[in-house]
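Have a look at the structure below, then the notes.
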Amino acid sequence: MDLDGLKKKKKSAELFLKKIQHSDDKTKKRWFLMISAISFVIVVSLWVVYLNSQIKSYSVSEEEVEIPNIVQKDDSPSVTETFGKGFQNIKDELIDKFKKIGGDINNSFSSLKVRVEETNEINVESGGPEFTNNNVEKVATTTLP
C-alpha cells in the first residue's frame, strides 16, 4: 500500500466515525456492542494463544502412571470446612453487633423514658413587703371613647 491509499482509508474511517457520531442512540449502541464483542473475542483469543504457548501439554499413558496403594489423608481443612468456619465467624460477629445495637437502643429508650416522665416544678411565692407598691405615684385613668 502506498501513502495515498493509507490517507484515503484514514479519511474514510474518519467519515464513518462521524456518521456514527451523528446517528441516533440506537445505532450508536449497536455499534458499541459490536465493537465491544469483537474486542472481547480478540483479547480472549490472544490470551488463549499465550496460555497455550506457556503451558506445555503432556500426554501420559496409563502404564507410565504409578498409582500408590496407600492414600494419605491431608490434614488441611476442606473448602466447605473453610467456608463454614468463615460463615460461622461472620454470623457470630453479626450477632454481637446486633446485641450491642439492641443494648444501645434499649439504653436510649430508657433515658428517653426518664426524660419524658420527668416533671417540672414551678413555685409561685406571694410577694413580701419589698414588693408592695406604696412608693408608686398614682396615675390618672383615662377612659377611651
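Strictly greater than 12 Å: what percent of every Cα pair in the range 9-55 meets that? Result: 71 percent of Cα pairs exceed 12 Å. Rg over Rh for the range 78-117 works out to 1.42, both radii taken from alpha-carbon positions and Rh defined as the Kirkwood radius. Per-residue 3J(HN,Hα) values for the range 28-35, derived from phi via the Karplus relation 6.51 cos²θ - 1.76 cosθ + 1.60 with θ = phi - 60°, read 4, 5, 4, 5, 4, 5, 5, 5 Hz in sequence order (x marks Gly and Pro).
Values in this text are rule-based calculations from the coordinates and carry no lab data. Keep in mind that what you see is a predicted model, and the values were worked out from it rather than measured.
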